[in-house]
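This report concerns only the one structure given below.
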Amino acid sequence: MKTIADYDQEIRQNPNDARLYNDRGSTYAKQTDDKKAIADFTKAIEIDPNFMDPYYNRGVAYYNTYDFDRAIADFTKATQLDPNEAEIYFFRGIVYSTAKGDMEKALTDFGQTIKINPDHTLAYYKRGFVYYVLKNHDRAIADYDQVIRLDPNNQTIYVDRGNAFRDKGDKDKAITDYNHAIQINPNNALAYFNRSLANGIGDSNISSIEQAITDCETALRLGLNDAFIGAAKGFLEANRKKLLARKGIDESLKKLRGE
């Protein structure tokens, strides 16, 4: 692998070679020196304005430095130069969804990524998450299904699909997915916590509430020290007390009635 010093020497010998500046910029980027990376990508573009790679690479560097509008502009130029490169659309979709909040444009870009590369696992995952945010649970689940097809041992996707099933109101399928995530990784704190929500929220079954409390305790023990978890555990414990009290009242009434 070439070092910065290697590229410095080659550039001195070939100062008009755009690929050398692009490659040195990529090396700087790997070293997280985005400022120098951007300078090299810009020089490569000045030498060869039709060279796609430095536009894409500079777009990534701009994204890393929170210059999102310039990142989008570079990705857009890169798609014009090479409309069949899936990663450009994917990364622009990331910027739209995570930095700009433009979910519709993100969906378009992730869709184009998948059209070019039908086995792009991360594009399905990111598009599924956007659908989940938009509360389109059926489409989110469909994309998560594709992720599982391509990566069946991915514990995270089972939690995410479980959340979509839970929010859709399909408790049984949600719990099945959380169980699968825990089977893959018994230390998956998020799987325990989300299973506790599926079991406990809105449930009037004492055994389900008790399982939910146990899952909250497990999530806390595994290091998921979120204040919301403690609040959820408190809510579940209060709900259990109410259910137990109601059960005691019902049993007392039955005795009075001679049942």
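The values are calculated or read from the model by the stated rules, or taken from the named source; none is laboratory data. On a predicted model such as this, the values are computed, not experimentally measured, just so you know. Neighbour counts run over all protein chains shown; Cβ positions are idealised from the backbone, glycine included.
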Scan (1) farther than 28 Å from residue 108 by Cα; (2) of a type outside the set (Lys, Arg); (3) over 28 Å from the mean Cα position of the chain (by Cα) for the single condition residue 45 breaks and write down its number. (1)
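So is residue 139 farther than 25 Å from residue 212 by Cα and either charged (D, E, K, R) or at pLDDT below 95 (or both) or not? Quick ask: steps written out before the conclusion?
Values: farther than 25 Å from residue 212 by Cα: yes; either charged (D, E, K, R) or at pLDDT below 95 (or both): yes.
It is true that residue 139 is farther than 25 Å from residue 212 by Cα and either charged (D, E, K, R) or at pLDDT below 95 (or both).
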With (1) of a type outside the set (Lys, Arg); (2) farther than 25 Å from residue 49 by Cα; (3) under 16 Å from the mean Cα position of the chain (by Cα); (4) crowded, with 16+ Cβ neighbours inside 10 Å as the list, and residue 98 as the residue in question, which single condition is left unmet? (4)
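Test residue 90 against the criterion of being at pLDDT 95 or above and closer than 30 Å to residue 135 by Cβ, and give yes or no.
Numbers: at pLDDT 95 or above: yes; closer than 30 Å to residue 135 by Cβ: yes.
For residue 90, the condition - at pLDDT 95 or above and closer than 30 Å to residue 135 by Cβ - is met.
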Just checking, how many residues over the range 58-68 are within 22 Å of the chain's Cα centre (by Cα) and in a helix (DSSP H, G or I)? 7
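Which of the following residues is crowded, with 16+ Cβ neighbours inside 10 Å and farther than 18 Å from residue 22 by Cβ: 41, 110? Outline the logic, then answer.
Details: 41 fails: farther than 18 Å from residue 22 by Cβ.
When all the criteria are applied, what remains is 110.
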How many residues does the range 163-196 hold that are among the hydrophobic types (A, V, I, L, M, F, W, C) and surrounded by fewer than 24 Cβ atoms within 10 Å (Cβ to Cβ)? 6
Surrounded by 18 or more Cβ atoms within 10 Å (Cβ to Cβ), free of Cβ contacts under 8 Å to residues at least 24 places away in the same chain and farther than 25 Å from residue 49 by Cβ: is that true of residue 75 in this structure? no
Restricting the first residue to the range 126-145 and requiring it to be more than 16 Å from residue 174 (Cβ to Cβ), which pairs with a second residue that is basic (Lys, Arg) and in a loop (DSSP other than H, G, I, E, B) meet a Cβ separation below 6 Å and a spacing of at least six or different chains? none
